[in-house]
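The values are calculated or read from the model by the stated rules, or taken from the named source; none is laboratory data. Everything quoted here is computed from the prediction, not taken from an experiment. Note: ideal-geometry Cβ built from the backbone for every residue, glycine included; neighbour counts use all protein chains shown. With ligands, DNA and RNA removed, areas are computed over all heavy atoms of the protein, side chains included. Shrake-Rupley method; radii C 1.70, N 1.55, O 1.52, S 1.80 Å.
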Amino acid sequence: MGVGEPAQTADLVEIIEREEIPDLELDVELRRTLVVKAGNSIRLFVPIKGRPTPAVTWSKEDTAVKTRAIIDNTESYTLLVIPDCNRRDAGKYDLTLENAAGKKTAYVNVKVLDSPGPPLNLKPKAIDKESITLQWEMPLIDGGSKITNYIIEKREATRKAYATVVMKCPSCSVRIPNLSEGSEYYFRVSAENEFGIGEAAETSDPIRASQAPTPPQMVAITDVTKNSVSLAWTKSKHDGGSRITGYVLEAQKKGTDQWTHVTTVKSLDFTVKNLNESEEYVFRVMAVNLSGRSLPRESKHVVIREQSTEPEFDLRGICQKTVIAKAGDNIKVEVPVTGRPKPTVSWQKDNQALKLTQRTMVENTSTSSILTMNECLRSDSGVYSVTGKNIVGSVTENIIVKVHDVPGPPKGPIKLDKIARTSIEFSWETPENDGGPEYDGGFKITGYIVEKRDLPAGRWIRANFTNIIETTFTVSGLTKDESYEFRVFARNSAGALSNPSEQSDPITYTNSGLVNKDSLRKDGGEFVLTEYKINVSAMNSEGVGEAAAVPGTPKAEERLIAPEIDLDADLRKIVNIRACNTLRLFVPIRGRPTPEVKWARENDEPLDRATIENTSSFTSLVIGNVNRFDSGKYNLTVENSSGSKTVSVTVRVLDTPGAPQNLKISQVTKESVTLIWEPPINDGGTKIKNYVVEKREATRKAYATVNALCHKTTWTIDQLQEGCNYYFRVLAENEYGIGLPIETGESVKVSEKPLPPRKVILQDVTKTSVTLSWEKPEHDGGSRVVAYVVEIQPKGSDKWSQSVIVKVPEAVISGLNTGEEYMFRVSARNEKGTSDPRQIGVPVIVKDLVIAPSAKLLFSTYTVLAEKDLTIDIPYIARPKAAVSWVKDGAPLKRTSRVNFSSTDTLLSLVIKEATRDDVGKYSIKLSNTAGETTVDIGVVVLDKPGPPSGPVKVEEVTSDSVTISWNPPEYDGGCTINNYLVEKRDTSTTAWAVVATNLARTKVKAGRLKTGTEYQFRISAENRYGKSPLLVSESGVFSIPSYSTGPITAKDEIEPPRISIDPQYTQTIVVNAGDNFKIDADVHGKPVPTIHWMKGDQELGNTIHREIKNTESYASISVKEAKLADGGLYTLLLKNPGGEKGVQVNICVLDKP
């Protein structure tokens, strides 16, 4: 019939780009938890889509991840990479896509296998004076593995280094014992899993080892009125090791069990007000420090009313009402006093009013009366009476004060009772009395001390070395022509020493004996007898016989005495002394003339720290603050012209041990190190109980205890990190503590000799050489393989000889004899040693080989980005050398400035610079020699933008307002899949092009909204991941890159009722489990393009978080994610256009729990 009249739209229609809600596709691995080992990279690759291109945001725990992550976003994917990850990178990574059409979110859970993070909320749970109990929570990050153990360390606040106190702690609480009361400590706790020991959590402030204080010693009621009570209390006897910060006061009314908090104060008294008159109360006080409250101390029960009570003194704090003090001490007597009205207090001594002076004072407070005597004297002894008076009555209490003084000096003058040639016996009297009891300070005289000094300027030194009980003493060992003075001290049973007695008259030892002032002649000279005539007579009962003269003239001369040493019995045994004390070796000596004294240590050890004092009668050696190095033998030698004498004193300083000796590494494996050592030379004077073995990684500074109770001189430290370097040290322990350490001088790598190389392969043989290769050892022993040793054995010989040492797993053994047969073997070597050898499978005969060409092709196709360089290397083997020819796409390959090819005896190389699509194709390499030939085929793909779509452009359908056109894909797709086509149209009366479709996957499109009778032209471009192709343009039949022109097309009308093509499965009820996804889709047809409606019941459906509807001109789908019971029911797909309506129904049943 022909074409009808055209219809025209009333308004202009604007063609805009179609919007598409963002979407993404998570890989199966990313839907589950992604597990990565620490030190590796986290890679999250997610394909995305959406129009316009969505904005991509990665976050972790609501925080951007740009600081740690490298993020690459394109139109089609997003990639997040975190190199060298650690435990902190574990967690939930949120991905958000957003554009003008909508928003899409997803997340990926990442688990990093690492040592744990720090424990949380580390704090003290309980504290006492010698222990602290810690508690904590598990780390937020467990490193992807179960926490198996916690390690606890401590350090004193005054020190910098931590010491391990607990190596094995499976729970989140531990008690740290053996702390010093009042000391402050820091603690840190580290969690451990199968991957190692993690970060430590440390206490932010030091914790003092203390406990709650003891209760106040007494709570006294000092005043009562009709509505208040005044209380006072004394300090706690012990503050628990931490300063008392205050006192808590509570009250309890009679008839109730409840204690009421009154106040917290820092003072020692308080007045409780607003009490009920005539009610009975009891009060209690508790001391408070950082560790808590003390037990309470209660007061007496008290009735609240105005009271009158007679005075009362509380003498419970004075033992037996007696105060004993040493002369010179300060005496303070505090007597609590009660009574209403407040009593007046007075003091008396020996029934006389007490005389107050600057030394003797009385202070009366609201609760007590205090008597103070500063620098008390023996005269302050006596009976002190304290009297309290008020209107009710009077009361008096007696207190006895005893002052113990030093004894008086022994009474002189010193009498010379018996004089011998080199000694003198003298005596004195006991200390005087002072009119009262014997003036001995109230204690029995227990002994005397005699001192002498050389005149005229000597100092006083002690003459007796044992206690003198009697009042007589003999001094010997006096020196010729020397003058002396003597004096005496008394000592009582309290240890008090008197002032010295009057000193004796000077006494001089001469040739004639001892001389004092009474032995001088009247002319002032001495009675000196230099020569003697001696007669000897016999005597019996009848009388004296005749005398016989001794021949010669005897003369008095000084007698020579060989040196002697009086070594005390205690010094003959081993002298034991605790470290830090003072060593005193006091040895009496004698000899004529005065011997020379020399102290020395065995092995010529120095005596720099010793103070040595020598006199004519003794020698002393003093060393202060001794330590273990002062142990040993001390040799004393005295020598004069008559001879010499040597004795030894053995000193043992009881101290912690010295360092163990000769620490050595006896064995190393890939996960353990065995140490061996010898006991310390100095054991600290007591038996070594055990050894402490410690380790530290070379990259750390702190040691960790491996074994605190090692009873042998060897130990194997296992569970070490293979390939890591460690230092080790050993300390000895005795009953006095842990001694000095001995440390390995250099770090020890935890490794062992490697395993043998794997398979040994014969690579090549010539008439004089063999080329071998081998696979690396399966395990390098924890230390890098530094070389390989190749050994050779000629046939008929049992001996292996070293041929070469190489660093790579390949070697050429040359200089061999043609025709001979050889065996070969290879060993791997690292810093710990050489592995067992690996032998080649069969003997090798040395001769030239004939081998047909054979190439080792790694890939059959090679890709390269456009304008980038490509190098292809193909190893091959051929004997003799092969002839090589190169062919591309059936034609000989030509060398150009960009394309080059070459070959060696073993390698084929093709180099393409700045690759273009001209380089795409099939390359063939032909190898031939006398043994045969072979051909190697490889393909080269250049990744580039595609070529233009191919014509002809076909007109499929024409209506009054649309045209359907089709075309063919590009001949060259750019080496990858065509993503989409871009189709544009132009009214031939204008120069402006409008978009018809931007994301078209098919080579066919329907261009709608055309004006009837108007001529249009179209142009099409293809797009892949590398860009857009040149255009296929329909322009008056002339194209820039022509394939086919549609020419001008006139739109005409065509109507086709809607119809639906759907899978037969949807005719049955679709059963879905709750939580699963389901999808309904169908192809749709109709002219004009029908409108698409998805219905459920009478309600039209739209997009939600769980439901997504996708409709195109030829396709309709609805997808439901994680279906619920409510998602079941009857779904209707309804199509409408001017030709009519068409619908299809699908029933969905969702199975869920009841």
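Amide H to amide H, with H built 1.01 Å from N, Lys749 comes under 5 Å of Tyr726, counting only residues 5 or more places away or on other chains. Measuring against 18 Å, Cα to Cα, the residue pairs Lys1124/Lys1153; Lys168/Lys701; Lys1079/Lys1124 contain Lys168/Lys701 as the ones spanning a longer distance. Here the Karplus curve 6.51 cos²θ - 1.76 cosθ + 1.60, taken at θ = phi - 60°, turns the phi angles of the range 956-968 into couplings of 8, 8, 9, 10, 5, 9, 8, 9, 9, 10, 9, 8, 9 Hz, with x standing for Gly and Pro.
For the range 226-275, the set of chymotrypsin sites (Phe, Trp or Tyr not before Pro) satisfying both a DSSP loop assignment and a count of at most 15 other C-beta atoms within 10 Å is given as Trp259. Stretching the chain fully between Thr57 and Asn980 yields a gain of 329.7 nm (0.36 nm per residue, less the alpha carbon separation). Here the 3J(HN,Hα) profile of the range 477-486, calculated from phi with Karplus coefficients 6.51, -1.76 and 1.60 at θ = phi - 60°, is x, 7, 9, 4, 6, 9, 10, 9, 10, 10 Hz, Gly and Pro shown as x. Ordering Tyr923, Gly947, Leu910 by the projection of their Cα atoms onto the charge dipole of the range 906-957, which places +1 on the Cβ of Lys and Arg and -1 on the Cβ of Asp and Glu, puts Leu910 at the extreme positive end. Each Lys and Arg Cβ is given +1 and each Asp and Glu Cβ -1; about its Cα centre, the chain then shows a dipole of about 580 debye.
Inter-label distance, Ala610 to Arg243: 4.8 nm, where each label sits 7 Å from its Cα along the C-beta direction. For the range 214-273, trypsin sites (Lys or Arg not before Pro) are listed when DSSP marks them as loop and at most 11 other Cβ atoms sit within 10 Å of their Cβ; the list is Lys237, Lys254, Lys266, Lys273. Given R0 = 30 Å, the distance between the Cβ atoms of Asn625 and Asn603 translates into a calculated FRET efficiency of 0.85. By the gyration tensor of its Cα atoms, with a ≥ b ≥ c the square roots of the eigenvalues, what is the shape of the range 870-984: rounded for a/c under 1.5, prolate for a/b over b/c, or oblate? Because a/c hits 1.5 or more and a/b exceeds b/c, the range 870-984 counts as prolate. The shape of the range 30-113 comes out prolate: with a ≥ b ≥ c from the C-alpha gyration tensor, a/c is at least 1.5 and a/b beats b/c.
Taking Cα centre as origin and charging only the Cβ of basic (Lys, Arg, +1) and acidic (Asp, Glu, -1) residues, the dipole magnitude of the range 154-270 rounds to 300 debye. Rolling a 1.4 angstrom probe over the chain with all protein chains present gives an accessible area of which 48% lies on carbon and sulfur atoms. Distance between the 7 Å Cα→Cβ label points at Asp1083 and Gln802: 7.8 nm. Using the Cβ-Cβ distance between Ser648 and Glu202 with R0 set to 45 Å, the FRET efficiency from 1/(1 + (r/R0)^6) comes to roughly 0.25. Put simply, the amide H of Asn682, placed in the peptide plane, has neighbours under 5 Å in Gly658, leaving out anything fewer than 5 places away on its chain.
Could you please report the charge total around Glu639, scoring K, R as +1 and D, E as -1 over all other residues with beta-carbon less than 14 angstrom from its beta-carbon? Summing Lys/Arg as +1 and Asp/Glu as -1 gives +2. Coupling constants for the range 1107-1112 follow from the phi torsions by the Karplus curve (6.51 cos²θ - 1.76 cosθ + 1.60, θ = phi - 60°), and in residue order they are 10, 10, 10, 10, 10, 10 Hz; glycine and proline get x.
With an 8 Å Cα cut-off and a minimum separation of 6 or more residues, compute the relative contact order for the chain in percent. Once divided by the residue count of the chain, the mean separation gives 4 percent. Okay, which of the range 145-174 sit inside 20 Å, backbone N to the point 7 Å along the Cα-Cβ direction of Glu184? Residues passing the 20 Å test: 153-163.
The overall shape of the chain, judged from the alpha-carbon gyration tensor, is oblate: a/c is not under 1.5, and a/b is no greater than b/c.
Legend: residue pairs Lys60/Lys146; Lys146/Lys749; Lys104/Lys1028; Lys237/Lys273; Lys753/Lys807, Cα-Cα distance threshold 19 Å; pairs beyond threshold, Lys60/Lys146; Lys146/Lys749; Lys104/Lys1028; Lys237/Lys273.
For the residue pair Glu502 and Glu914, what label-to-label distance in nm results when each label sits 7 Å from Cα along the Cα-to-beta-carbon direction? Label-label distance for Glu502 and Glu914, simple model: 12.9 nm. Applying 0.36 nm per residue to the separation of Ser379 and Lys954 and subtracting their alpha-carbon distance, the gain on full extension is 193.1 nm.
Taken per residue, the accessible surface of the chain reaches 56 Å², heavy atoms only and a 1.4 Å probe. The simple Förster model, with R0 at 56 Å and r as the Cβ-Cβ distance, assigns Gln258 and Thr365 a FRET efficiency of 0.95. Summary value for the range 1-141: 25 percent relative contact order, contacts being C-alpha pairs under 8 angstrom separated by 6+ residues. A DSSP coil position with no more than 10 other Cβ atoms inside 10 Å describes none of the chymotrypsin sites (Phe, Trp or Tyr not before Pro) in the range 731-793. Taking amide H atoms as placed 1.01 Å from N in the peptide plane, the amide H of Ser242 lies under 5 Å from those of Gln211, each 5 or more residues away in sequence or on another chain. Once C-alpha pairs closer than 8 Å and six or more residues apart are averaged by separation and normalised to the residue number of the range 917-996, the relative contact order reads 21 percent. What you get for the range 221-321, charging only the Cβ of Lys and Arg (+1) and of Asp and Glu (-1), is a dipole of about 420 debye around the Cα centre.
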